[in-house]
Structures are given as structure tokens and as C-alpha cells.
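Take a look at the structure set out below.
No value in this document is a laboratory result; all are computed from the given coordinates. Every value quoted in this text rests on a predicted model; they were computed, and no experiment measured them. No Cβ is skipped: glycine too gets one built from the backbone with ideal geometry, and neighbour counts run over all protein chains shown.
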Amino acid sequence: MTAAAAQQGTTHQGILDWVTEVAELTQPDDIHWCTGSDEEWVQLTDFLVGTGTFIRLDESKKPNSFYAASDPIDVARVEDRTYICSRDERDAGPTNNWMDPDAMKELMRGLYAGCMKGRTMYVVPFVMGHLEAEHPMFGVEITDSAYVVASMRVMARMGSHVLRKMEELEAAGTEFSWVPALHSVGHPLAEGEDDVAWPCNETKYIVQFPEERMIWSFGSGYGGNALLGKKCYALRIASVMARDEGWLAEHMLILKLTSPEGVVKYVAAAFPSACGKTNLAMLQPTIPGWKVETLGDDIAWMRVGEDGRLWAVNPEYGFFGVAPGTNEHTNPNAMRTIAKGNSVFTNVALTEDGDVWWEGLENPPARATSWKGEPWTPDSTELSSHPNSRYCTPIKQCDILAAEYDDPRGVPIDAILFGGRRRDTIPLVFEARDWTHGTFLGATLSSETTAAAVGQVGVVRRDPMAMLPFIGYNAGDYFNHWITVGKENDAAKLPKIFYVNWFRRDDDGNFVWPGFGENSRVLKWVVERIDGQAAAVETPIGHVPTPESLDTDGLDMSAADLAKCLEVDAEEWKAELPQIQEWFDKFGDDLPGVLWTELDGLRARLEG
Ligand SMILES: Nc1nc2c(ncn2[C@@H]2O[C@H](COP(=O)(O)OP(=O)(O)OP(=O)(O)O)[C@@H](O)[C@H]2O)c(=O)[nH]1
Ligand SMILES: O=C([O-])CC(=O)C(=O)O
Ligand SMILES: [Mn+2]
């Protein structure tokens, strides 16, 4: 069955061989080559409604949209089950789990053997970024999950047109590469056995083979573990390609900012998972005359262009956004995007009238079904939605999507922001002295852990460039790569680097800075710094706004609170020093020496 079924799919021999080999190993009932058509979407979503994975939402509220609730053991990325299987352990570095690639393959072949019995194997041809790019970044995901196929259709450019392009290139003898990405929920069905709504496996492996540019994922249906074009390819594998080819694959949003005078600037920002990328990317400015348009909310691929500037593209096609906290005040643009439908909502609450709800959304329903399938009312002590519940929605539905999104060249970045979630120490915004100092700020970025990954929430950890779970190689080499980009290019043309923190708290535990749309005030200061217009105080950590240089017109905030936002407390910073020292020590000789020099400089300035 399998070889013959595979044969109908493609004339591309390499893909055909791989699909045949995987089918022989995993033993699916049949093989479906995904076209990406509307008819296929209807078939898939009808099938998912039939198995109970999807509940169709009310057409008048969320057209062509679906509700899903996962198994409670499958709600987030699993960092302790994520591996970088480079040939040499040294190349995975101290921040990644590692196993010998041959040993990992043997182990996983054992798990994959027969794992698709009773299921359809879907073959999803996709491209991250533009099909018209100079070097299109192809991938093929094999999965036994229709939920994954439906989500991939939202999140990535996929379907027959991508496969045809690969076939054409092969027929023309043009060399190109594609990333094989194998996924199974790891839940085979015996003859006659009924499926469950959310098939998965207690055993999970999310594995990257960097030299082979290959991904193997087993046991989870959750976004970051299963939509393999996203974190596994566009960050972990792409970061390795970027190292080898001299570009950057980063966990960054991209936005376009236009001033009242019509001056355009492009900003990229790296914040760890669930720390505000999607919200900033779609921000509605509170300061008059300023406009934000969105280019991307999670991933940026950046290359130095012939003009010496750093050009960024968003390789994705949809938003996979954190639902809780999203509302008309915090993110009206996201609300408008999802209101257009064509979306999948996972682990939120389902209302009686066929809509979705989550913590932080306006108008709580009198009764709903929680993500755990239990009755829920506003008086319930349990949350209606998992803190990492998500909406998955097409980027093209975003009213403020910048026209440049469709330009394969991307946009030239003027500023890079690094940011984290810190209740103390880090001021609202400050500017790095230069690229190397900016790399130091990125390399020492710290943030409280969130629900986006399984594990304890609220613990401060170093999350370099917001890439800790996503660097596909030795992080020491990654820092060196950043330093090299600065050295080999004209510093004057590269973006200026800033550090932001929206999450500082007062003594009562409340956020001091109102955040969301008010973050436009910080963006304004950033672009005025770039143009040499805004004042700053030089402090031991970098350039911090003077209270007057930040536009606070119409902002309801006391001078004391503003001072608290901008405060650089030398004692708090001195307490960071041993933590940074300990972090750097992890890398031994692999840490670029200039980062030690930066730390020495910071220490001297704080103590001097
Ligand atoms: N206090 C405060 N909270 C914010 C701000 N921006 C975002 N948040 C909250 O932070 C959480 C995550 O925000 P997102 O914008 O979805 O985070 P993200 O970085 O895109 O997350 P991933 O999709 O996991 O990469 C949500 O609950 C937001 O409401 C802000 O400016 N201030
Ligand atoms: O990867 C995911 O599942 C969601 C996401 O964007 C992140 O965690 O950064
Ligand atoms: Mn993310």
C-alpha cells in the first residue's frame, strides 16, 4: 500500500523516498498529500469535528472557526524534552539537551515504529518566508494529526503550489534544499479502536538534527512542539543555517512605526515567550499622530543587505497568540483579526452561545465550559482558560498589516529592542552604547519564566536574546556570531540596540508602567534617540531617558511613579553581577572575550 500511495504525490524523488520510508516505519492506514485548498480545509475541519477534536464556533460570532481543548498533559513547549542532536556534544553547548544523533534515531525509530496505525499520514509541503525569495526556505512536514495540518495552513505558506515549485526546481536541475520534519502524536489506533479528542503520548521528544537540517517530533500536538515550521525550523534549524551563512534567525517581532511627520522606522524586538511580542507588534499608539503597522509577531530572519543595513522578513503566515489578557483595550487589532474568523482556539473557554472566552476578555459569560471540559462560572475558583491558551489566526486578516509584509526583501531595521519580564532592577527603557554592548545586553537578558513552557512560572532565568529554548547550537558560538555581525559590517548602518521592561512592579506588586498602547511613548523615545533628538542620562548600564525626554502628555502617572520606571538602582544591579558571572562561566572558553570585558566595565562603573 504505502509505496504506491506515496507515488501519487510527487515527482520529486527525494521527497517521495522519504515519505515512503516514513510510511514503512510508521504504518499509516493511508497517505494524504496536502494541497492547501479550501475544499481540503473543509474536509479536515469536518473530520476534526467528527473526532471531537474541534467544536465549530457560532458562524455569526467567529465564522469558519473552531474550538479545541488539549489533553492537560499537552499544553505548552516541553523544554526538558527538546534536544539538539549535533554530531559533537560541544556544538549543542551548555544550554541545550544533547544526545548522540545515532542513539537518538535508534530510540525514536522504536517510538515511531507503527505509531501511525489506524491514522492518515499527511504530507504538508511548506515554505517559511516567501516562495519568491532568492533562496526559498522549503520544508515538508509529515504528521498524523489533522489538527496540525489545519494549524499549519494558518501559520505557514503551504500546499500544492509549494510542492510544484520544488518539483520545477528539481526538473530544471536547480540546487535547493528542504527540511524534512517528521511529526507524530504517538497514539496509534488498534483495529476498531475509537480515537480520543486530543491524541498524544506521555513520552515526548522534540529533536533537531542540525547538520542534517532535520526535525523529528513525537508525542505532542501542541503548537511549538508540533507545527514544525515555527520554533523547530524557523528558529532552531534556521539559527544553524544563519550561523553558517552569516545571517540571523531571531525570536523577534517586526513593526513599522510612522511619526506624525511621516518618518518611517522599522523596529524588531526580542522578548521571551509570553512577554509581549504579539501585543507590541499590533500596538495602537496612545500618542496622537503616531502609527504602528505589523510585520510579524514572533520570528524575524535578518540579513545584511548590499546597502549595509539589516533587512528583516517574517517567515510566518499567521499569529499563534497567547489568548489570556488579549482584549479591546490591550490589543484591539488582535481582537479585530480574530473576529474575522478562519481561526483555531485552543485551551480557552467555550461559551454556551458558541463563542470563546478567556481571562482578561470583556463581558465574562454567566456560564461556560472550561478548557478542562468542566462547567465554569465567573465565581469559579479555577481558571476558565489555560494561561498558555492560544488563538491561531491568519496574518492577512490583520487590518494593520504593513504592505511590506509581501516584499521578499523585507524591511531595513532601525532599532532592536531586547526585553524581559522583571519585577525589579531593569528600567522601562535604556540604550546600549554600541553593537557589542547591545550584544552584551542581549546575552545577559533575564526574564521571569511564563506558562509558554512546561515548568515553574515566575522564576528569573537568563534568556539570551529571548532565544534560550531556540538556539540550535552552542550559545557561546551564537554570541560570537552576533559580535561578528557587528564587526564585519558598518556599525553606523546597523540597528541601534535598546533594552526595555514593561513589567516593573511597585511595592504593592502592581505594574508601575501601564504598558500596551502606552508603550508607543517608549517607541517614540527610541526613534528620537536614533535621530539624535531625545535626551538621555548616561548611567552605568547605558543611556536612560531623562523624565522630560519621554513624552508623558496625557499619561496619568505621578512623577514618583515615572521616576520608579526609569530608576537605575546600583544595589539591584550589583546583585545582578554574580548572576551574570555565573551565567558566563557556563560557557568557559566558548564565551567571546569582549563579553567579559563588557561585564568588567559594568562592574567598574557600578562600583566607581
Ligand atoms: N503589564 C503588561 N502586560 C503585557 C504587556 N504586553 C503584553 N502583556 C501581557 O503579556 C502576555 C503575553 O503577551 P504576548 O504579546 O502574547 O507575548 P509574546 O511574546 O507574543 O508570547 P509568545 O507568543 O509566547 O512568544 C499577555 O498576557 C499580555 O497581556 C504590557 O505592555 N504590559
Ligand atoms: O512556540 C509556541 O508554542 C508559542 C510561542 O510562540 C512561544 O512559546 O514562543
Ligand atoms: Mn514566541
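Counting alpha carbon pairs within less than 8 Å and at least 6 residues apart, what relative contact order, in whole percent, applies to segment 26-82?
Details: 23 pairs, mean separation 9.7, N = 57.
In percent, rounded to a whole number, it is 17.
Give me D for segment 169-234 in µm² s⁻¹, whole number, from Stokes-Einstein with Rh from the Kirkwood sum over alpha-carbon pairs, 37 °C and 0.692 mPa s.
It comes out at roughly 241 µm²/s.
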Exercise. At q = 0.11 Å⁻¹, what is the log10 ratio I(q)/I(0) for the chain, with the Debye formula run over Cα points and no solvent?
Worked result: -1.06
For this session: State, as an integer percentage, the relative contact order of the chain based on alpha-carbon contacts under 8 Å between residues 6 or more apart.
Result: 14
Problem set entry | Electrostatic dipole magnitude of the chain [Cβ: Lys, Arg +1; Asp, Glu -1; Cα centre; debye, to 20] | 420
For this session: Just the ratio, please: alpha-carbon radius of gyration of segment 387-472 over 2.2 N^0.38 Å, N its number of residues.
Result: 1.36
Exercise. Can you give the angle from 0 to 90° between the axis of helix 13-26 and the longest principal axis of the chain, with both taken from C-alpha atoms, to the nearest 10?
Worked result: 70
Exercise. At q = 0.09, 0.15, 0.22 Å⁻¹, what base-10 log of I(q)/I(0) does the Debye formula yield for segment 415-530 when every alpha carbon is treated as an equal point scatterer in vacuo?
Worked result: -0.27, -0.74, -1.29
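Report the gain in length on full extension from GLU191 to ASP434: 0.36 nm times residue separation, minus Cα-Cα distance, nm rounded to one decimal.
Working: separation 243, 0.36 × 243 = 87.48 nm, distance 6.36 nm.
Taking GLU191 through ASP434 to full extension adds about 81.1 nm, to one decimal.
Could you grab the relative contact order for segment 91-179? Cα pairs under 8 Å, six or more apart, rounded to a whole percent. Mind showing how you got there, number by number?
On the way: 81 pairs, mean separation 23.0, N = 89.
Computed over segment 91-179, the figure is 26 percent.
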Exercise. GLU24 versus HIS161, label points 7 Å from Cα toward the beta carbon: distance in nm?
Worked result: 3.5
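Assuming a viscosity of 1.306 mPa s and a temperature of 10 °C, what translational diffusion coefficient in µm² per second does Stokes-Einstein assign to segment 194-263, Rh being the Kirkwood radius over Cα pairs? The partial results should precede the final answer.
Details: Rh = 14.7 Å.
Here the translational diffusion coefficient equals 108 µm²/s.
Compute, for segment 208-284, the length of the dipole vector about the Cα centre, with Cβ point charges of +1 (Lys, Arg) and -1 (Asp, Glu) only. Units Debye, rounded to 20.
Values: 8 positive and 6 negative charges, 47 e Å.
Computed about the Cα centre, the dipole is about 220 debye.
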Exercise. For the charge dipole of the chain, defined by +1 on Lys and Arg C-beta atoms and -1 on Asp and Glu C-beta atoms about the Cα centroid, which residue among LEU468, VAL500, MET252 has the Cα displaced farthest towards the positive pole?
Worked result: VAL500
Problem set entry | With Cα atoms, 0 to 90° folded angle of helix 146-155 axis to the chain main axis | 40
Exercise. For the pair LYS291 and GLU134, how long in nm is the line joining their label points, each one 7 Å along Cα→Cβ?
Worked result: 3.0
